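Each remark here refers to the structure printed beneath this line.
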Amino acid sequence: MFRMNLKLLAALAVLSLASPLAAQQVTAPPTAAQPTRVQPPSSAIDAAAPAEPAKSAKAVVAASMHELSPWSMFKNADIIVQAVMIGLAFASLVTWTVGIAKTIELSAAQRRLKKSLRRIADTRSLSEAQLALGEKESVLSSLLAAAMREGRMSAGISSDSGIKERAASSFSEIVRAEARRVRFGMGALATIGATSPFVGLFGTVWGIMNSFIGISKSQTTNLAVVAPGIAEALLATAIGLVAAIPAVIIYNHFSRVTKGYLEQVSRASGAAGRLLSRDLDRTHVSHARAAE
């Protein structure tokens, strides 16, 4: 009986020692499985993460494009380069102003002179030609007035060659004055066309010098750092070409137009000389008839 009680006590002791181990084995698996429950949210975050760099890259490209616009490059340029750009822009404005003004002036002068030459084509004397022209001021009316003035001042002089020579001298002065008038402003076009590229090149050289100085100070050759300064410098050359090319084209055009107009003025001078010669011959004939 006593041995049976000892066996029973030994069995209870073994059961009491085994129960904590069983409890640990039951509670351990849940602790190992806990990290697997966090995985799905982390994958969703990883999938959404690439959208932010793409958005920031677009913002950087847009900002760089805005910074390299002509107006922003002008504002960020050196004061010397800005002065060069302003001067070239003013030269371009002068070019187009002179071009428009000379177009209107020469067109009106050519049209007026052609009409005046048609009016005096059938006249036989200086007085008839002046009546045909009326009181309108033109280069032809000036030529006719000079011829009549020389005829009055040379009254009583029998030398027709001297009268014609003096009248021709007056005609040449009027023609030269008209040439100076129609060529006014063309010197500015020639100067702008010849010097604008070099002025723009000066602004470019100055801007590139400042860019290299900035590169040496920043101690980097990154294109994003170098490109804006070089672009600002090259903008000066671009504006210089924009000012020079139209100036050269307009100057060459008006050189041809002016040459054609001065040929018409020479025709008018010849017409006035012929009318003066007729008046002189008519005067000699009337004097001869009076003498008879």
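Brief remarks follow.
- Phe254 passes every criterion in (1) more than 30 Å from Ile157 (Cβ to Cβ); (2) surrounded by fewer than 14 Cβ atoms within 10 Å (Cβ to Cβ); (3) modelled with pLDDT of 90 or more; (4) in contact with a helix residue (DSSP H, G or I) (Cβ under 8 Å, 6 or more places away or on another chain) apart from (2).
- Test: residue in region 92-104 that is closer than 20 Å to Leu235 by Cα and of a type in the set (S, T, N, Q): yes
- Criterion (farther than 27 Å from Ala109 by Cβ and not in a helix (DSSP H, G or I)) met by exactly one of Thr195, Thr220: Thr220
- Only residues that are touching a residue at least 60 places away in the same chain (Cβ under 8 Å), crowded, with 17+ Cβ neighbours inside 10 Å and out of contact with any Phe, Trp or Tyr (no Cβ under 9 Å at 6 or more places or on another chain) were counted in region 211-238, giving 2.
- Options Glu105, Glu178, Glu137; residue that is among the acidic types (Asp, Glu), under 30 Å from Gly240 (Cβ atoms) and either surrounded by fewer than 12 Cβ atoms within 10 Å (Cβ to Cβ) or under 35 Å from the mean Cα position of the chain (by Cα) (or both): Glu105
- Identity of the residue in region 166-192, in contact with a Leu (Cβ under 7 Å, 6 or more places away or on another chain) and of a type in the set (Gly, Ala, Ser), that ends up farthest from Gln110 (Cα to Cα): Ala167
- Qualifying residue in region 123-130 (condition: among the β-branched types (Val, Ile, Thr), modelled with pLDDT under 90 and surrounded by 12 or more Cβ atoms within 10 Å (Cβ to Cβ)): yes
- Condition met for Leu235 (touching a helix residue (DSSP H, G or I) at 6+ places or on another chain (Cβ under 6 Å) and at pLDDT below 90): yes
- Close Cβ contacts (under 6 Å, 6 or more residues apart or on different chains) running from residues in region 165-180 that are free of Cβ contacts under 8 Å to residues at least 40 places away in the same chain to residues that are crowded, with 18+ Cβ neighbours inside 10 Å comprise Arg166/Glu150; Ser170/Ala146.
- Odd one out for Ser161, checked against (1) surrounded by fewer than 18 Cβ atoms within 10 Å (Cβ to Cβ); (2) at pLDDT 85 or above; (3) in a helix (DSSP H, G or I): (2)
- Answer residue from region 116-127, given it is among the hydrophobic types (A, V, I, L, M, F, W, C) and assigned to a loop (DSSP other than H, G, I, E, B) and is farthest from Met148 (Cα to Cα) among those: Ala121
- Test for Ser169: is it outside any loop (DSSP other than H, G, I, E, B), of a type in the set (Ser, Thr, Tyr), surrounded by 17 or more Cβ atoms within 10 Å (Cβ to Cβ) and at pLDDT 90 or above: no
- Restricted to region 151-164, and to residues there that are in contact (Cβ under 8 Å) with a residue 60 or more places away in the chain and not acidic (Asp, Glu), the residue that is nearest to Ala268 (Cα to Cα) is Lys164.
- Condition met for Leu113 (part of a helix (DSSP H, G or I), of a type in the set (A, V, I, L, M), surrounded by 16 or more Cβ atoms within 10 Å (Cβ to Cβ) and modelled with pLDDT of 90 or more): yes
The values are calculated or read from the model by the stated rules, or taken from the named source; none is laboratory data. Everything numeric in this text was worked out from a predicted model, so none of it was measured. Glycine gets a Cβ as well: all are built from the backbone with ideal geometry, and neighbour counts include every protein chain shown.
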